[in-house]
Amino acid sequence: MKNLITFWCALLATTMVLAQTKEELKAQIAPKKDSIAAIQGRVDALQAQIDALPGWRVGAFGTIGGSISNFNNWYAQGFPNNSSGNIGFTVNAYANLKQEKFFWRNSLNTNLSWVKLDDEDDPNDEDGFREATDVFNLTSLYGRNISEKWAVSGLMEYRTTILSNFNDPGYLDLGVGMTWTPIDDLVVVIHPLNYNFVFAEDDTIFNSSAGAKIVADYTRKIGAINFKSNLSMFQSYEDGDLSNWTWINSFSYTLWKAIGVGFDFGLRNNKQEALNYEINTLGNTGATFDNIDNDLQTYWTLGLSYLF
């Protein structure tokens with residue numbers, strides 16, 4: 001009995017000591033977190049000073065996604081014997097020069113992917129990879145500062161596909177106007193004098209025109225997160241059917257070293273492309289700008305990301 005009482009007393013004392021030690025350790029965490037926050041604040045302040053210095057800023061991040069599969073005698077599905085796969089990648093790159101009196105901002109966005117579904121029981125089907133997503137955007141913006149946040153600027157923007165139908169259509173915007181930079185990460189281009197050159201074999205659908213160009217680009221890195229959003233709009237002065245806009249967004253979260261998870265999605269509205277699809281792909285020769293369904297174009301990509 002005496003030994004049992006001694007055991008329980010020792011166990012109680014040990015528990016009290018451990019509880020006290022745990023509370024003491026917890027009490028030490030808060031000031032250390034405050035110290036870490038103070039250090040991070042000083043680091044962020046130094047980084048802000050570095051970012052404000054003149055010179056080049058160059059960087060890139062992208063997303064890679066893919067899968068392959070093979071089925072043999074899997075009777076529950078429509079094609080019991082097949083091999084399939086998909087692979088795709090996106091790249092967001094920039095090279096920006098910042099000087100006291102001027103800036104020159106260059107960016108590239110491309111999203112390419114391929115898919116295949118080979119029905120091994122059908123010798124006549126397509127057994128190779130086919131193009132699925134095909135996006136290529138290149139932008140160059142030059143500006144002369146007239147104040148801290150405003151500049152007189154000139155813009156060149158080129159958009160096309162590169163895997164198939166290269167430059168058919170292709171869009172080249174050239175224009176001048178003003179650029180507003182309310183914060184370092186946000187650039188808003190307002191160009192009332194712009195010409196939208198459209199390159200295509202079918203000039204009965206695709207037409208060039210003068211109009212206004214608006215571009216808004218937000219690019220930022222917060223810790224392990226890279227984020228880029230770009231909205232490009234063209235409003236034709238000649239005909240609203242010749243107007244178009246594209247909005248592309250890219251996210252990347254770094255998990256380990258330069259590897260992480262990436263997600264990209266894009267939206268587009270382009271009535272000329274919709275009419276071309278109706279006539280030249282679907283064979284609807286009676287389609288016109290007035291009777292087609294100009295559905296919103298979308299795409300998204302999810303996969304591993306790599307920070308260059």
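What to note about this one:
- Residue satisfying all of: in region 111-133; farther than 15 Å from Gly88 by Cα and surrounded by 14 or more Cβ atoms within 10 Å (Cβ to Cβ); nearest to the chain's Cα centre (by Cα) among these: Leu117
- Check on Asn124, in a loop (DSSP other than H, G, I, E, B) and farther than 27 Å from Thr63 by Cβ: yes
- Only one entry in Asn207, Asn196 is under 19 Å from Phe136 (Cα atoms) and either modelled with pLDDT of 95 or more or part of a loop (DSSP other than H, G, I, E, B) (or both), namely Asn196.
- For Asp184, the test of being surrounded by fewer than 15 Cβ atoms within 10 Å (Cβ to Cβ), touching a residue at least 60 places away in the same chain (Cβ under 8 Å) and assigned by TED's automatic domain parsing to the domain that holds Asn92 is passed.
- Note on region 209-230: residues that are in contact with a helix residue (DSSP H, G or I) (Cβ under 8 Å, 6 or more places away or on another chain) and closer than 23 Å to Asn109 by Cβ amount to 1.
- Residue pairs meeting the criteria (Cβ under 6 Å; at least 6 apart or on separate chains; first outside the structural domain of Asn106 (by TED's automatic domain parsing) and under 17 Å from Lys213 (Cβ atoms), in region 156-173; second of a type in the set (Ser, Thr, Tyr) and assigned to a strand (DSSP E or B)): none
- When region 278-308 is filtered for residues that are among the aromatic types (Phe, Trp, Tyr) and modelled with pLDDT of 90 or more, only Phe289 remains.
- Among the residues of region 214-233, those that are farther than 16 Å from Ala258 by Cβ and polar (S, T, N, Q) comprise Thr219, Ser229, Asn230, Ser232.
- Residue match in region 227-246 (condition: assigned by TED's automatic domain parsing to the domain that holds Ser67, within 19 Å of Val91 (Cα to Cα) and of a type in the set (Gly, Ala, Ser)): yes
- Arg144 vs. criteria under 20 Å from Ile214 (Cβ atoms) and touching a residue at least 12 places away in the same chain (Cβ under 8 Å): yes
- Every residue from region 127-155 that is assigned to a strand (DSSP E or B) and either outside the structural domain of Ala212 (by TED's automatic domain parsing) or β-branched (Val, Ile, Thr) (or both): Thr133, Val135, Thr139, Val152
The values are calculated or read from the model by the stated rules, or taken from the named source; none is laboratory data. Keep in mind that what you see is a predicted model, and the values were worked out from it rather than measured. Heads up, the Cβs are rebuilt from the backbone with ideal geometry, glycines too, and the neighbour counts pull from every protein chain shown.
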